[in-house]
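Notes follow once the structure below has been shown.
The values are calculated or read from the model by the stated rules, or taken from the named source; none is laboratory data. Treat the numbers as computed from the prediction; the structure is a model and nothing was measured. Glycine gets a Cβ as well: all are built from the backbone with ideal geometry, and neighbour counts include every protein chain shown. Protein only, heavy atoms only, side chains kept; ligands, DNA and RNA dropped before computing areas. Shrake-Rupley method; radii C 1.70, N 1.55, O 1.52, S 1.80 Å.
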Amino acid sequence: MSLAAYRTALLTLLSHYRRHPGQLVMLLVGLWVASALWSGVQAINASARDSYARAEALFSQQLDRIERRDGQPLRYEDFLTLRRDGAPVSPMVEGEVELADGTRLPVLGIDPLTLPEGGGLGAAQASETLLRFLRPPYRTRVAPETLATLSAEPGATPTLASGGTMPPLATDRTLPPELAVMDIAAAVVLLEASGPSHLVIAPEATLSLPDEWIRHSADNLTAPGQLTDSFHLNLTAMGLLALVVGLFIVHAALSLTLEQRLGLMRTLRALGLPGRPLVALLATELLILGLVGAMAGIASGVWLAQWLLPDVAASLQALYGERLGDELSLPWYYWAGGLTVTLGGLLTAGASSLWHAARLDILAMGRSQAWHGRFQRQLTGMAVAGGLLWLLAIGLGGWLHQLPPRAGLTLGFTMIAAALLGSALWLPPLLASLLAVLARTLRHRPLAQWAFADVNLQLPRLSVAMMALLIALSANLGVSSMVDGFRLTFLDWLDQRLVADLYLRPPADRYEAVADWLRERDGIDALLPTRDSETRLIDTPMQSTAQPVGLYGVTPHPRLRERWPLLDAISNDPWPAFQQGAVMINEQLALSSALSPGETLTLRTPQGPRAFQVAAVYADYGNPRGEVMLTTERLIERFQAPPGSIGLVLPPGRATDISALRDELSQHFGISRDSLIDQATLKQQSRTIFERTFAITRALNGLTLGVAGIALLTSLLAQAPQRRRQLAPLWAQGVSRRRLTGIGLCQLGGTALITACLAVPLGLALAWSLVAKINVAAFGWRLPLHVFPEHIATTLVLAVAVTLLAALLPAWRLWRLPPGHLLREFDAS
Amino acid sequence: MLELCDVSKSYATPQGPLSVLAGISLRLPAGDSLALMGESGCGKSTLLHLAAGLDVPDSGRVILAGQALDTLSESRRSALRRHRLGLVFQAFHLVPSLSVSDNLRLQARLADREDSAWTDELLGRLGLIGMRDRYPEQLSGGQQQRLAIGRALAVRPDLLLADEPTGNLDERSADEVLTLLLALVADSGCALLMVTHSPRVAAPLNHCLRLSHGQLMEATP
């Protein structure tokens, strides 16, 4: 066959959409929404990964960090002493400047001459003329995104809030966003620092340090990508859910368009178009539609990502301290990946229809019963496949149970996906059986019997939309139960953890003076100093290599003892043991190291390995690391921990003038007013972070439910003409249009209600999997399962509401249809 | 042009295999015409499908334009159908989303044998010249069948297979369509095998056979 002949055949196939534009819209909408949500999430992930890669490149040589044990600032003399002793250390200064417009910009000052070679910082000196970087007026190197955020051009000198200016800006694509890098001499002046913040040294360099110094191994620094993996995997899972729901629409639309073109395909085959080219042409049609849908979806996805990015960036900064730019940075593989996933999904959704079209013999093509007969056979296949998927889910659940915490996140999501898909596959056989039973039971009421039998007839097309609805509803119930349960637990936990009324973090050099002054000051009941440090845990039951852990020092004041969120303890009151030298560990560490109260752990201390008894396990939501808690006194004594923050307990029932306290701290010690934070503000900040973190999840969840609604609407619209032909005989026999419309709405509302009833246990199972399995795999701690009756009620109402809303337009059309049209439908039926 | 040698065909049913053609043979030379009559369900359409290569016999051989269909691949059988055969169905099987003009040209375009002068002439002779931009649903039954005949003849086939071409039409339309069909077939010189249960439709054709209990026998319309 010539190209012209293929073109004729393709145009003939496509001409179907001229008569049925609704089906084309349904197909494109399915592809568009599936691709848009998936691409949106992937755009955010790709942009974030790019930022992490640049942040990691900044420390690419994994430099060790040297600081003073007491947290005091370094002096240049210290640096010079170490250099004179032959230590290849390099000074760095870190801080933040406030620009005239209130923007705060982190600044990193480096000394390119002593910096260990390689990595992003090394590249900075290679790419910049060294002299320009080192000499006044110096250079401020920033990422292009930072330049865009500052609305500045290269060479500009942004004005600071203090009135000074920054060195001229220069672009450096290797730097992460929201960071300015400059020569240490310029940074020290800009940050008003008295000396370097710390020194860096190549990990392989050996160095014996005096006792007052501490060397933090680069191994202990967790790469940003590692910390945020679970956050992005969550986003990916939500995007995948939307993609699957969208592909359900595509599958429904493809089945419908192929079924309605069986006659056309039979004619083309009879006129001499061979079977293989026909299937190839159908695949070409899919490819064309797929490209159009995918491109529209990707464009919308980028827009969606741009809209969601500020919230995501705020969440990531609050949760992990990672900075993302406000601008999307999309590598080539993002575009290629978006197209591949959408087209791959389209192929998956259309493969069964194409396969079936390829296998149908010419004479069977004209009979739509051949297509319908397939559905009856499919029901058995669906039940079997659903069972297999559930077996897979149970198997994966068992495997996940064997894994240590903070492992198997992908496995967990695969388990959930298998369970959701398995349940969705069970839905049509269940509905078909239920409707058949109801039709038999109501055989003495002809109209009711017809109504149930009629829904059963509609199932081949309706079932796919109902499967999408089941998945969306279950996900909605599961995720909202998890988020709201988390909120309850988190707020409770905040109340327990934040025991002091005020919190202050004085500079290390003024810490003792401030603490002494506060002890003497009237109107303060007690001081609760906290400190933190880090070390390694040696030889635990589950890990033979030394595991980095955080150290947290608290003051066991009665108020703290009463409220601290303990999950497990050696006795009803573990605090005396704690005060006598035992430690408490967070849930993450307890799970990852299989340690229980009463057991002993060994920590690396400056004096050598030391064993501590575990007195209790406490909840520590939001902390990505394992943590050991000691009394602050013991933390100083054993680990020389640097000064941290001070909690201030105020006398109950007595008003304390916090503003006056801020003024005094500022006057006496030069401490900024912002350094003193009251408990309510801290709680509010935490709540805001919490809400922002789940804003994306909620948005994607709502959009997925919207997609399921679109699936229903489009499938109802697409089959509306056929429905009218089925209803016309009833109308001709005396059933009014009003009654027919009412029956139609009841049929759909009832089917949606049955679907929602199945979605409730599935949603609760999903919520349990999220809090008990996914959370442990992602963060190392689990949440209690909360069941919210109002969420269950919402699920039921939402299902019926979404379905009725989708059914409203076709029903309204039927209602408004002139009798003459129905007469013609009757003639055609 | 068409030869069936000892062709048998049966279908599987819940009650066991149902034989519809039991070793039948027939020969239709080029330019000749043959009416195939019989009761509903006797296997007339099955025979036509076998002749068109739309179905394959259980045994026996179908030779079309000198080529044994059982030796050809599905693709070659399609090519043969595309270039050498014209098919007219009782239910027309027009493409509802294509205009009259595009429907008429469809097979000729698939076969790369579009002849504008010939298709324009056909449109005129079929009485559809003023309706070329309409869609099939805007035509009467008789007009639709005329269009289906035009589509089959637009490719200038060697053999026209017609399955109850007037079965869906009223008497007057049926007469019109039949007269037109026979005139066009005579002008084009192609052979005609027509399945019908109407003696009146079969009468103008050169030969007539009756299919009964899977066997062919001579008949007079």
Query raised in the report: What are the ³J(HN,Hα) values, in whole Hz, obtained from phi via the Karplus relation 6.51 cos²θ - 1.76 cosθ + 1.60 with θ = phi - 60°, for each residue of segment A:521-534 in sequence order, with x given for Gly and Pro?
Result: 6, 6, x, 10, 6, 7, 10, 10, x, 10, 9, 9, 7, 8
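Averaging the inverse of every distinct alpha carbon separation and then flipping it gives the Kirkwood radius. What is it for segment A:419-500, in angstrom units? Could you put the intermediate results ahead of the total?
Details: mean 1/r = 0.0635 Å⁻¹.
About 15.7 Å for segment A:419-500.
Return the percentage of antiparallel bridges among DSSP beta bridges fully within chain B, rounded to the nearest 5 %.
Details: 20 of 37 bridges.
Bridges in chain B that DSSP calls antiparallel: roughly 55 percent.
Taking every DSSP beta bridge that has both residues in segment A:61-220, what percent is antiparallel when rounded to the nearest 5? It would help to have the intermediate numbers written out before the result.
Values: 21 of 28 bridges.
Rounded to the nearest five, the antiparallel share is 75 percent.
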Requested in this report: Per residue of segment A:344-352, in order, report the coupling 6.51 cos²θ - 1.76 cosθ + 1.60 (Karplus, θ = phi - 60°) as ³J(HN,Hα) in whole Hz, putting x for Gly and Pro.
Outcome: x, x, 5, 5, 4, 5, x, 4, 5
Query raised in the report: Based on DSSP, what percent of beta bridges with both residues in segment A:502-655 are antiparallel, to the nearest 5?
Result: 75
Query raised in the report: Peptides A:523-536, B:151-164: what's the order by average Cβ count within 10 Å, highest mean first?
Result: B:151-164, A:523-536
Report task. Over the whole of B:81-91, what's the average partner chain Cβ count within 10 Å per residue? Rounded to a whole number, please. Result -> 3
Report task. Work out Dmax and Rg for segment A:61-220 from the C-alpha atoms and quote the Rg first, both in angstrom. Result -> 15.9, 47
Query - Cα Rg, Dmax (largest Cα-Cα span) when computed across segment A:541-610, Å - result: 13.0, 38
Query raised in the report: Against the longest principal axis of chain B, how steep is helix B:116-125, in degrees 0 to 90 to the nearest 10, with axes from Cα atoms?
Result: 90
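Would you work out the charge dipole size for the protein assembly as shown about its Cα centre, treating the Cβ of every Lys and Arg as +1 and the Cβ of every Asp and Glu as -1, and quote it to the nearest 20 debye?
Values: 87 positive and 90 negative charges, 905 e Å.
Charge dipole of the protein assembly as shown: 4340 debye, to the nearest 20.
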Query - Scattering curve values for segment A:669-814, log₁₀ I(q)/I(0), Debye with Cα scatterers, q = 0.09, 0.21 Å⁻¹ - result: -0.50, -1.31
Query raised in the report: Rounded to whole Å and sorted largest first, what semi-axes of the equivalent ellipsoid does the C-alpha gyration tensor of segment A:502-655 yield via the square root of 5 times each eigenvalue?
Result: 29, 18, 12
Report summary line: Log10 I(q)/I(0) at q = 0.06, 0.08, 0.10 Å⁻¹ for chain A, from Debye over equal alpha-carbon scatterers, is -0.52, -0.84, -1.12
Requested in this report: Provide, for q = 0.09, 0.15, 0.20 Å⁻¹, the log10 of I(q)/I(0) from a solvent-free Debye sum over equal Cα point scatterers in segment B:17-130.
Outcome: -0.32, -0.85, -1.25
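Express in nm, to one decimal, how much length is gained between A:THR284 and A:ARG445 on full extension, taking 0.36 nm for each residue of separation and deducting their alpha carbon distance. Could you put the intermediate results ahead of the total?
Details: separation 161, 0.36 × 161 = 57.96 nm, distance 4.89 nm.
Computed gain between A:THR284 and A:ARG445 is 53.1 nm.
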Query raised in the report: Measuring from centroid to centroid over Cα atoms, what is the spacing of segment B:79-117 and segment A:674-722 in Å?
Result: 54
Report summary line: In whole Hz, the Karplus estimates of ³J(HN,Hα) for segment B:137-150 (6.51, -1.76, 1.60; θ = phi - 60°; x where Gly or Pro) are 5, 8, 10, 6, x, x, 5, 5, 5, 4, 5, 4, 5, x
Report summary line: Which residues qualify? For A:LEU595, with a placed amide H closer than 5 Å and at least 5 residues away or on another chain, they are none
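Just the number, please: buried accessible area between A and B, total of both chains, 1.4 angstrom probe, nearest 100 square angstrom. Kindly include the intermediate steps, with their values, before the conclusion.
Working: alone 36080 and 10030 Å², together 43990 Å².
Between A and B, the summed buried area is about 2100 Å².
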**Report entry** Principal axis dimensions, largest first and in whole angstrom, of segment B:2-218 by Cα
**Finding:** 51, 37, 35
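Would you mind getting me the FRET efficiency between A:ARG725 and A:HIS401? Use the beta-carbon distance for r and R0 = 60 Å, nearest 0.05.
Working: r = 54 Å, r/R0 = 0.89.
With a Förster radius of 60 Å, E is 0.65.
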**Report entry** Taking chain A and dividing mean pair separation by its residue count, relative contact order in percent (alpha carbons under 8 Å, at least six apart)
**Finding:** 16
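Using packing as a proxy for protection, rank A:681-687, A:711-717 so that the peptide with the highest average count of other Cβ atoms within 10 Å comes first.
A:711-717, A:681-687
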Query raised in the report: Given charges of +1 on the Cβ of Lys and Arg and -1 on the Cβ of Asp and Glu, with all other atoms neutral, how large is the dipole of chain B about its Cα centre, in debye to the nearest 20?
Result: 260
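Counting only protein heavy atoms, what percent of the accessible surface of chain B is carbon or sulfur at a 1.4 Å probe?
Numbers: 4260 of 9010 Å².
Ligands and nucleic acids excluded, carbon and sulfur give 47 percent.
Can you pull the semi-axes for segment A:270-310, root of five times each eigenvalue of the Cα gyration tensor, sorted largest first, whole Å? Please report the intermediate quantities before stating the final value.
On the way: eigenvalues 293, 7, 4 Å².
Ellipsoid semi-axes (Å, largest first): 38, 6, 4.
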Report task. Taking H placed 1.01 Å from N in the peptide plane, check which residues at least 5 places from A:LEU108 or on another chain put their amide H under 5 Å from its amide H. Result -> A:ALA180, A:VAL181, A:MET182
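Across peptide A:11-23, what mean number of C-beta atoms from other chains lies inside 10 Å of a residue's C-beta? Don't jump to the answer; show the numbers that get you there.
Details: counts 4, 8, 2, 1, 7, 4, 1, 4, 6, 2, 0, 0, 0.
That average works out to 3.
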Query raised in the report: So what's the angle, to the nearest 10 degrees on a 0 to 90 scale, between helix A:409-441 and the longest Cα principal axis of chain A?
Result: 30
Query raised in the report: Of A:LEU403, A:VAL514, A:VAL735, whose Cα points farthest to the positive end of the dipole of the protein assembly as shown (charges on the beta-carbon: +1 Lys, Arg; -1 Asp, Glu; origin at the Cα centre)?
Result: A:VAL735
Query - Reach of B:LYS44 by Cα under 19 Å, taken over lysines that are not fewer than 8 positions away in the same chain - result: B:LYS9
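Enter the mean number of other protein chain beta carbons within 10 Å of the beta carbon of each residue in B:95-103, as an integer.
Values: counts 11, 7, 12, 8, 1, 0, 0, 4, 2.
Partner Cβ neighbours, averaged per residue: 5.
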Query raised in the report: In the protein assembly as shown, with Lys and Arg counted as +1 and Asp and Glu as -1 at Cβ, which of these residues, A:SER480, B:THR71, A:ALA148, has the Cα nearest the positive end of the dipole, that is, farthest along it?
Result: B:THR71
Report summary line: With -39,500 (n - 2.57) per DSSP H segment of 4 or more residues and division by the full residue count of chain A, the 222 nm estimate, nearest 500 deg cm²/dmol, is -21000 deg cm²/dmol
Query raised in the report: To the nearest 500 deg cm²/dmol, what mean residue ellipticity at 222 nm is calculated for chain B from DSSP H runs of n ≥ 4 alone, each contributing -39,500 (n - 2.57), summed and divided by the residues?
Result: -10500 deg cm²/dmol
